[in-house]
Amino acid sequence: MLQNIRVVLVGTSHPGNIGGAARAMKNMGISRLVLVDPLDFPSHEAEARASGASDILANAQVVATLEDALVGCNLVLGTSARDRRIPWPLLDPRECGVMAAEQAAQGAEIALVFGREYAGLTNEELQRCHYHVHIPSDPDFSSLNLGAAVQVLCYEVRMSWLAAQGQPTKVEKVEVTSTRSSEPVTMDEMELFYGHLEATLVAIGFLDPENPRHLMARMRRLFGRSPVYRSEMNILRGILTETQKVARGEPHKRKDQ
């Protein structure tokens, strides 16, 4: 599906921005880049800014006009940072991502069109677009770098694509530990911990056994909010043991020494 989406840069004046856009595209899995009358391309600076996305630059299509860039397209989405005289159907980046992903999944050819760094797209060029896309940046500093604008729309396309594919949008990191260390502790182990914790708090003078004031009940509520794993319990019990040694005036040794 993503292969049906092309990024079109019109009249780019700075080659570094072309490289930045290529990198943004590759981050999000979009590979088709079309350049309309770039001022300086190919360029070493574009290669440097691409930072690993040189394949996208190598395969970029260079054309003379926007009309050439849009050949075969079924849906054209043009970015616009300023109000226009003639109202046009307007999307925000998220709506743009959803529409682009849905249409591309049905086999449509999609173009995401970005204008010149200094002036954006002309009215005539925007009138070739089915929708205008406005990135709601801070009005006091609304001008986005070209590569950043490409990143925003490509990100939204990818998020919509992942959702359509039923793929996760976040990857949970799993701690590399032994199977036993990653097991939650049992209730009897928690009771031993609470006993150890209470004795330690008494030893350092934090808990008055004659006037406990619900402290241990609150600690039980705190540690009961989520599972405590065996590796975590080992740390907690180790901290309590070393704390008790200090309270008794015994020498102790840091684990990292």
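The values are calculated or read from the model by the stated rules, or taken from the named source; none is laboratory data. What you see is a predicted model, and the numbers here were worked out from it, not measured in a lab. Positions of Cβ are generated from backbone atoms using ideal geometry, with glycine treated the same way; all protein chains shown enter the neighbour counts.
A few notes on this one:
- Only residues that are surrounded by 22 or more Cβ atoms within 10 Å (Cβ to Cβ) and of a type in the set (Ser, Thr, Tyr) were counted across the stretch 1-34, and they come to 1.
- Of everything listed in (1) touching a residue at least 60 places away in the same chain (Cβ under 8 Å); (2) crowded, with 21+ Cβ neighbours inside 10 Å, the single unmet condition for VAL133 is (1).
The rows are residues; the columns are (1) surrounded by fewer than 17 Cβ atoms within 10 Å (Cβ to Cβ); (2) on the phi < 0 side of the Ramachandran plot.
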residue	(1), (2)
SER51	yes, no
ILE56	no, yes
GLN61	yes, yes
ALA64	yes, yes
PRO89	yes, yes
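- Filter result (assigned to a loop (DSSP other than H, G, I, E, B) and either surrounded by 17 or more Cβ atoms within 10 Å (Cβ to Cβ) or on the phi > 0 side of the Ramachandran plot (or both)) within the stretch 35-46: ASP37, PRO38, PHE41, SER43
- Residue within the stretch 107-118 that is of a type in the set (Phe, Trp, Tyr) and over 21 Å from SER13 (Cα atoms) present: no
- Single unsatisfied condition, ASP92 versus (1) more than 25 Å from PRO139 (Cα to Cα); (2) of a type in the set (D, E, K, R); (3) touching a strand residue (DSSP E or B) at 6+ places or on another chain (Cβ under 8 Å); (4) without any contact (Cβ under 8 Å) to a residue 60 or more places away in the chain: (1)
- Residue identified as modelled with pLDDT of 95 or more, in the same structural domain as VAL150 (by TED's automatic domain parsing), over 27 Å from LEU162 (Cβ atoms) and not polar (S, T, N, Q) among ALA21, ALA64: ALA64
- Unique match (being farther than 16 Å from HIS132 by Cα and in contact with a Cys (Cβ under 8 Å, 6 or more places away or on another chain)) among ALA48, ALA24, ALA53: ALA24
- First in the stretch 45-73 and more than 16 Å from ALA24 (Cβ to Cβ), second anywhere and in a helix (DSSP H, G or I) and modelled with pLDDT under 95, Cβ under 9 Å, 6 or more apart: LEU66/GLU124; LEU66/GLU125
- Looking across the stretch 49-68, the residues that are farther than 21 Å from VAL152 by Cα and either in a strand (DSSP E or B) or of a type in the set (A, V, I, L, M, F, W, C) (or both) come down to ALA58, GLN61, VAL62, VAL63, ALA64, LEU66.
- Candidate set from the stretch 181-210 (those that are closer than 10 Å to MET233 by Cβ and hydrophobic (A, V, I, L, M, F, W, C)); member that is nearest to the chain's Cα centre (by Cα): VAL185
- Test result for VAL36, farther than 17 Å from HIS132 by Cβ and of a type in the set (A, V, I, L, M): yes
- In the stretch 156-170, the residues that are at pLDDT below 85 and touching a strand residue (DSSP E or B) at 6+ places or on another chain (Cβ under 9 Å): none
- Every residue from the stretch 200-219 that is surrounded by 14 or more Cβ atoms within 10 Å (Cβ to Cβ) and assigned to a helix (DSSP H, G or I): THR200, LEU201, VAL202, ALA203, LEU215, MET216, MET219
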